[in-house]
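**Q** Okay, here's the structure, questions in a sec.
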Amino acid sequence: MDSEIRVNKDMGKAVMLQWVIGVLALLGVSQVDAEDPYFYYTWAVTYGTRSILGVPQQVILINDQFPGPKLEVVTNNNIVLNLINKLDQPFLLTWNGIKQRKNSWQDGVLGTNCPIPPNSNYTYKFQAKDQIGSYTYFPSTLLHKAAGGFGALNIYHRSVIPIPYGYPDGDFTLLIGDWYKTSHKTLQQSLDSGKPLPFPDGVLINGQTQSTFSGEQGKTYMFRISNVGLSTSFNFRIQGHTMKLVEVEGSHVVQNLYDSLDVHVGQSLAVLVTLNQPPKDYYIAASTRFSRTVLTATAMLHYANSQTPVSGPLPAAPAFQFHWSMQQARTYRWNLTSNAARPNPQGSFHYGKITTTKTIVLANSASFINGKLRYTVNGVSYVNSDTPPKLADYFNIPGVFTMDSIQGLPSGGAATVATSVMPASLHDFLEVVFQDNENTLQSWHLDGYDFWVVGFGSGRWNPHKRKTYNLVDALTRHTTQVYPNSWTAVLISMDNQGMWNLRSAAWGRQYLGQQLYLRVFDPVRSLTNEYGIPSNVLLCGKAVGFHP
């Protein structure tokens, strides 16, 4: 409420006004509820030519940058971002790990949003609500991610909320991922023809094959590390230095020390590194994991007073494979006494004492449908409708999706295709088991949420495996790996109404059907549960002609 207080020259009234203001201050009463700050951006998405691996190729730029601009905001900041699509194909960005509280309208995936047509724009409006940590954004349409368009989204804590470590002396963001010389359109055509993605041509750090990160001896720096690739896990290490893990996808963790860290597709984490070695230059290495051919990207950690160039062999990657990686993942523990974005301790929600309302088992598989390779979840391969299920649900448009197109347990029947949507009730507490019966590592992501990763195990999951769950301090995150011929179990508090994408983070598998949507619903339509449809919503398919 805007108000203007005019104080006349009468001393008595001035004294009375000061007394009233003093009383209000003591009582903690405010007549004005200030909104959290708004930040406005305009991003233009274009093609450009860059020589990434020594060969000129077409990439996707945002404001002429590759990778795209780094978004740096503070918890609860509001973001208003006008995205102008100057490509020759429809385009969307999704905000990987941002919960979009009550606001799946802004999620930026084809199940919730119509894509932005060429030579058009859409303005995203969302809040970094009650989150802190290292996140990313990337294109969710077609194979655009293979050409760029991705970037970092770092959310910093408010000054009134302490963090469980000293302020670092610097903050570095490392976007690491596999890369192809082949164009995104050619890769898409290959997938459409029924071929899997080929092995990548290289690994990049911040869009480059060589980078340098400089710091001063004796000081401590934060490294925010994200896997923005299409399909490949990597192992990260710094020559001669240990890394203290402090944050994983918005969760503060027990601060263990590591020589190297496995990071799977779609995942992010943050480590603290103290420059406590002799002043020289040191290798930073990220190499592919679980692949016969090992690709490595290198960068340099440069001490400001260094006179000695980098030397010696690259720091060695782990000699052991999946079992070693699973054992490392089990060492990630939630810091129960730390605050996150809010003052209450992370461990104040005792997830392990809540009775689950439903168990869902999701098994991935590679199948052939009409003679072409497709990837399925419980025997169903997802196909995008020309009408986003979110819009069909809102406008009650029939014929777009049904709630029985996919079952909550593996069926064992013949593979089918569908725009698969699975129902969930608002405030359900779900147990979801990802079952991987293939010989390749999987990486699963859920929009709108994070979840407690309570268990990993080999073989097939059965109810007796619950005895192995960590029900005390399991890590909460938005993307989890599932090892070959193994299972991963997560618990999810369904407290965010909307239509939410549950997908393979391996983009070729997602593109060929390894995804579905969770419709988290309450029959009473209320702004308490979910925001209304945006006034600037794009309409497509059967939704054309409807009015927000």
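The values are calculated or read from the model by the stated rules, or taken from the named source; none is laboratory data. In this text the structure is predicted, and so the values were computed from the model without any measurement. Using ideal geometry, Cβ is built from the backbone for each residue, glycine included, and neighbour counts are taken over all protein chains shown. All accessible areas refer to the heavy atoms of the entire protein, side chains included, with ligands and DNA or RNA removed. Shrake-Rupley method; radii C 1.70, N 1.55, O 1.52, S 1.80 Å.
**Q** Take Ala329 and decide whether it is surrounded by 13 or more Cβ atoms within 10 Å (Cβ to Cβ) and part of a helix (DSSP H, G or I).
**A** Against the criterion (surrounded by 13 or more Cβ atoms within 10 Å (Cβ to Cβ) and part of a helix (DSSP H, G or I)), Ala329 qualifies.
**Q** Shifting gears a bit: Residues in the stretch 303-315 that are in contact (Cβ under 8 Å) with a residue 60 or more places away in the chain, surrounded by fewer than 16 Cβ atoms within 10 Å (Cβ to Cβ) and within 34 Å of the chain's Cα centre (by Cα): how many?
**A** Within the stretch 303-315, residues that are in contact (Cβ under 8 Å) with a residue 60 or more places away in the chain, surrounded by fewer than 16 Cβ atoms within 10 Å (Cβ to Cβ) and within 34 Å of the chain's Cα centre (by Cα) number 2.
**Q** While we're looking at this one, here's another question. Those residues that are open to solvent by 10 Å² or more (accessible area, probe 1.4 Å), of a type in the set (S, T, N, Q) and in contact with a Gly (Cβ under 6 Å, 6 or more places away or on another chain), I need them from the stretch 465-513; list them, please.
**A** Thr468
**Q** Let me ask something else about it. So is Thr293 of a type outside the set (A, V, I, L, M, F, W, C) and outside any strand (DSSP E or B) or not?
**A** yes
**Q** Additional query: Just to be sure I understand the filter: pairs with C-beta atoms under 7 Å, separated by 6 or more residues or on different chains, first member in the stretch 87-115 and in contact (Cβ under 8 Å) with a residue 12 or more places away in the chain, second member among the acidic types (Asp, Glu) and open to solvent by 10 Å² or more (accessible area, probe 1.4 Å). Which pairs pass?
**A** As it stands, the answer is Lys102/Glu530, since those pairs meet every condition given.
**Q** Can I ask one more? Taking the residues in the stretch 528-545 that are touching a residue at least 12 places away in the same chain (Cβ under 8 Å) and open to solvent by 80 Å² or more (accessible area, probe 1.4 Å) as candidates, determine which candidate is nearest to Pro388 (Cα to Cα).
**A** Lys542
**Q** When the residues of the stretch 53-75 are narrowed to those that are touching a Phe, Trp or Tyr at 6+ places or on another chain (Cβ under 6 Å) and of a type in the set (Val, Ile, Thr), which ends up most open to solvent (accessible area, probe 1.4 Å)?
**A** Checked the stretch 53-75; the qualifying residue most open to solvent (accessible area, probe 1.4 Å) is Val74.
**Q** Which residues, counting only those in the stretch 390-415, are over 26 Å from Thr488 (Cβ atoms) and in contact with a strand residue (DSSP E or B) (Cβ under 8 Å, 6 or more places away or on another chain)?
**A** Lys390, Asp393, Phe401, Thr402
**Q** Would you point out which residue out of Asp281, Asp259 is modelled with pLDDT of 95 or more, surrounded by fewer than 17 Cβ atoms within 10 Å (Cβ to Cβ) and acidic (Asp, Glu)?
**A** Testing whether each residue is modelled with pLDDT of 95 or more, surrounded by fewer than 17 Cβ atoms within 10 Å (Cβ to Cβ) and acidic (Asp, Glu) leaves just Asp259.
**Q** Which members of the stretch 508-548 meet the condition of being within 30 Å of Ser365 (Cα to Cα) and assigned to a loop (DSSP other than H, G, I, E, B)?
**A** Within the stretch 508-548, Leu512, Gly513, Gln514 qualify.
**Q** Hey, another quick one. Looking at (1) within 30 Å of Asn470 (Cβ to Cβ); (2) under 22 Å from the mean Cα position of the chain (by Cα); (3) modelled with pLDDT of 95 or more, which is the one condition that is false for Thr357?
**A** Going through (1) within 30 Å of Asn470 (Cβ to Cβ); (2) under 22 Å from the mean Cα position of the chain (by Cα); (3) modelled with pLDDT of 95 or more one by one, Thr357 breaks only (2).
**Q** I need every pair where a residue in the stretch 388-415 that is at positive phi has its Cβ under 9 Å from the Cβ of a residue that is open to solvent by 30 Å² or more (accessible area, probe 1.4 Å) and assigned to a helix (DSSP H, G or I), sequence separation at least 6 or different chains.
**A** Gly399/Lys542
**Q** Here's a follow-up. Is it true that Asp130 is touching a Ser or Thr at 6+ places or on another chain (Cβ under 8 Å) and open to solvent by less than 10 Å² (accessible area, probe 1.4 Å)?
**A** Against the criterion (touching a Ser or Thr at 6+ places or on another chain (Cβ under 8 Å) and open to solvent by less than 10 Å² (accessible area, probe 1.4 Å)), Asp130 does not qualify.
**Q** Which of (1) crowded, with 22+ Cβ neighbours inside 10 Å; (2) farther than 24 Å from Phe172 by Cβ; (3) under 15 Å from the mean Cα position of the chain (by Cα) is the odd one out, the single condition Trp95 does not satisfy?
**A** Only one criterion is unmet by Trp95, namely (2).
**Q** Considering only the stretch 153-168, I want to know if a residue exists there that is closer than 30 Å to Phe401 by Cβ, open to solvent by less than 10 Å² (accessible area, probe 1.4 Å) and at pLDDT 95 or above.
**A** Yes: one or more hits.
**Q** Regarding the stretch 278-288, can at least one residue be identified that is of a type in the set (Val, Ile, Thr) and out of contact with any Phe, Trp or Tyr (no Cβ under 8 Å at 6 or more places or on another chain)?
**A** No.
**Q** While we're on this one: Does Thr42 satisfy the condition of being crowded, with 20+ Cβ neighbours inside 10 Å, over 18 Å from Val228 (Cβ atoms) and among the polar types (S, T, N, Q)?
**A** no
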